[in-house]
1. Is the range A:190-198 home to any residue that is within 11 Å of the chain's Cα centre (by Cα), outside the structural domain of A:LEU360 (by TED's automatic domain parsing), under 18 Å from A:VAL312 (Cβ atoms) and in a helix (DSSP H, G or I)?
2. Here is a check on your reading of the model: is A:ILE43 of a type in the set (A, V, I, L, M, F, W, C), surrounded by fewer than 20 Cβ atoms within 10 Å (Cβ to Cβ) and at pLDDT below 75?
3. Checking the structure you have, find out if any residue of the range A:99-119 is in contact with a strand residue (DSSP E or B) (Cβ under 6 Å, 6 or more places away or on another chain), of a type in the set (A, V, I, L, M) and modelled with pLDDT of 90 or more.
4. Just for strands (runs of 3 or more DSSP E) wholly inside the range A:54-166: which have at least 1 residues that are acidic (Asp, Glu)?
5. Quick test for you: out of A:LEU386, A:LEU355, A:LEU347, pick the one residue that is farther than 30 Å from A:ARG476 by Cα, of a type in the set (A, V, I, L, M) and at pLDDT 90 or above.
6. Can A:LEU459 be described as at pLDDT 95 or above and under 18 Å from A:VAL603 (Cβ atoms)?
7. Kindly check whether there is at least one residue in the range A:69-81 that is of a type outside the set (Phe, Trp, Tyr), within 12 Å of A:SER142 (Cα to Cα) and out of contact with any strand residue (DSSP E or B) (no Cβ under 6 Å at 6 or more places or on another chain).
8. Looking at B:ASP49, B:ASP93, which one is under 24 Å from A:THR531 (Cα atoms), more than 11 Å from chain A (Cβ to nearest Cβ) and acidic (Asp, Glu)?
Amino acid sequence: MIEADAAWHRSHVAALQRLAGELLRAASPTAIGELVVTTAADILGADGATIYSRTDTDTMQVLHVTGWPEKVASPYRRLRLQRGRPLSDAVLDRRPVWIEDARQWRARYPDMAPVGTAAHMQASACLPLCVDDRDLGAVVFSFRAPRAFPADEREFLLTVTALCAQGLDRARLLVAERAAREAAERQRDRMTFLSHTTRLMEAPLSVEDRLQRLADLAVSEIADWCAVHLLRGNRVDQVAVAHSDPAKVAFVAQLEQRYPPDPDAAGGAIQVSRTGEPAFVPEITDELLIAAAVDDEHLALIRSIGMRSALVVPLAVRGRKLGALTLVQAESERRFDRIDLAFAQQLAATAAVALDNARLYEQQWHTARTLQAALLPARLPDVPGLRLAAHYRAPTDVQAGMHVGGDLYDIIPATAPDRWGFVIADVCGKGAEAAALTALIRHTVRAEISHGLGPAEVLTRLNAAMLRQTGGSPGRFATVAHGQLTLTPTGATVRLANAGHPPPLLLRHGDVAPVEAPGTLLGVYPDVAVTEVSCTLHRNEMVVLYTDGVTEARGTDGFYGPDRLEKVLQTANGGAEAVADRLLADLDAFHSGVQRDDIAILVVEATP
Amino acid sequence: MTDDGTAEVVLTGELDITTYEDAEKQVTDAEQAAPALLIIDLAGLQFVDSTGVRLILSAEQRAREQGRQLAIRLGHGLARRVFAALGLLDKFDVLDAQPSGQP
């Protein structure tokens, strides 16, 4: 008997060691539950076992059941703690309840006896799972034979229970830790995403391109589908839609063409755009799809998209409604939660501010382009006996496109059909004031030429006009080169005056010579010294005018400079267009990085 | 500023639209002491365009309004060529009017 006891003891100690080792490897509460129940039931010879985990103060949830018929066990998968029931008493009092046979069941727990003795069970051990002051749940071992639960068996059961409780405790901590880590990672991913979005929304792209990129970014990170709608007057237009599979995008586009979205549908992008109220459908049920479907075919089609969860948040700035951002989860089976909704609202707010800025930027850009167009001739006139070419390049710095150039060129008819004026000017500074001065120069030169004044006189009058407009403000001045030509049977005679502008270049069959006519810049001094010089253009000879954006262009080897300009002109073949194109191409090749100043080129060739 | 009321601003580096504000601040800082004569030295600039002219024209206007004198140094490189091209050499008090080494 003693030997048998010793053997029993040895086998139980070995079983406990094995259980302890396996418990260490079991990561989840469910795995622990299963391990404890099966191992302990094996060792003890229990016929049934159930382990519960405490879910909150008054309920427990089954982790694992063995040995009980489904119909007996299933009503108790989830149970409320209730005094007067053996398992509840064990948990609430934090002490085991031992029931040795069916008779004790009926005597002590008459209400629960039919359950406790179902499936021919007799004895039960109801054991609370506790670690320190933490109540983790409970385990019940049941036996078909009456059992006295002698002291050593109780001790063994309590040891198993303690091991199990520790395992559960550790697993719960692991689960909580993992959840916390996942939440932190999700938060970090979102902050990264948001910073990507912010950078994206600042990119120099059109509003539509930005929103499409935003949608593309969203489907790579946070949703299966993304769409952006914008409120335009009374209309709500979808301006961007994205899914990782372009075929699906095409499918939905066709679908929406065939079944246009109902503008009054609650929670739709159109409604949200108009109301500014977010819509959140964490779970898209089939009932919702049925309700939304127009007919059976529509239903089949929208079912095939497989939408699971959706949220629509407004794009709004300072109470002004701009549109809506829609995010949908489909084949990934992910679901949006309240945190996702809050994040989407944050994302939409970021996008909306950027969108607002972009619109402002586009308006200014449009204004700048309109103004610029008014400062330069839309096209050069056709002049028999002359071949004309011109180029203008705005700077390519960060504010490119917002720039209204201070550079100007123009070809102007004079008082007779064979007389023409040409002008190139560079106004110091940029922006609206510079543009206003540029416009003044263009119109004054045109007016004075039509009055029949010569080049030096035109520039003197222009100086007076500029002084009247600027009041001699030292920041507002311009350099202007102005020529007037008379067509002749062999070419043209040219009179040229220059107020501080880079000297025009005469290009005569590969020979380049500056036309020096020193003069003072305009717009600062009441008296300006402007001299006038004359020259003759024969057939295919030309005068090349440019602004200092050409010679001051920066490349990796320094400035473009007058020497390189001269060399390019010497080797340029062909007429005015070819020369102008060649110069611009050479400048483009030379430039490294940004072009800081605007560039204007005007070429006038005699073609009698 | 020296005892005789002269202050000098020596500009270096590049002077164009992108650096204009910095250069202007250097000049206006020097003007705070209301020197009888302010000298702006553009000779050492590696690059200067018409923006440099704008800087000097503005400084000259302030000097005139406040009854001060303004003079400039242009050196014999780019700054001088820029001022010459704009027809401005005789519009300012250029201290180094003669090429260096010559009387």
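1. Yes, the range A:190-198 contains at least one residue that is within 11 Å of the chain's Cα centre (by Cα), outside the structural domain of A:LEU360 (by TED's automatic domain parsing), under 18 Å from A:VAL312 (Cβ atoms) and in a helix (DSSP H, G or I).
2. Answer is no for this residue.
3. Taking every residue of the range A:99-119 in turn, at least one turns out to be in contact with a strand residue (DSSP E or B) (Cβ under 6 Å, 6 or more places away or on another chain), of a type in the set (A, V, I, L, M) and modelled with pLDDT of 90 or more.
4. A:134-143
5. Criteria check complete, one pass: A:LEU386.
6. no
7. No: the range A:69-81 contains no residue that is of a type outside the set (Phe, Trp, Tyr), within 12 Å of A:SER142 (Cα to Cα) and out of contact with any strand residue (DSSP E or B) (no Cβ under 6 Å at 6 or more places or on another chain).
8. B:ASP93
The values are calculated or read from the model by the stated rules, or taken from the named source; none is laboratory data. Bear in mind that the values here come from a model prediction, so they are computed numbers and not experimental data. Quick reminder, even Gly has a Cβ in these numbers, built from the backbone with ideal geometry, and neighbours come from all protein chains shown.
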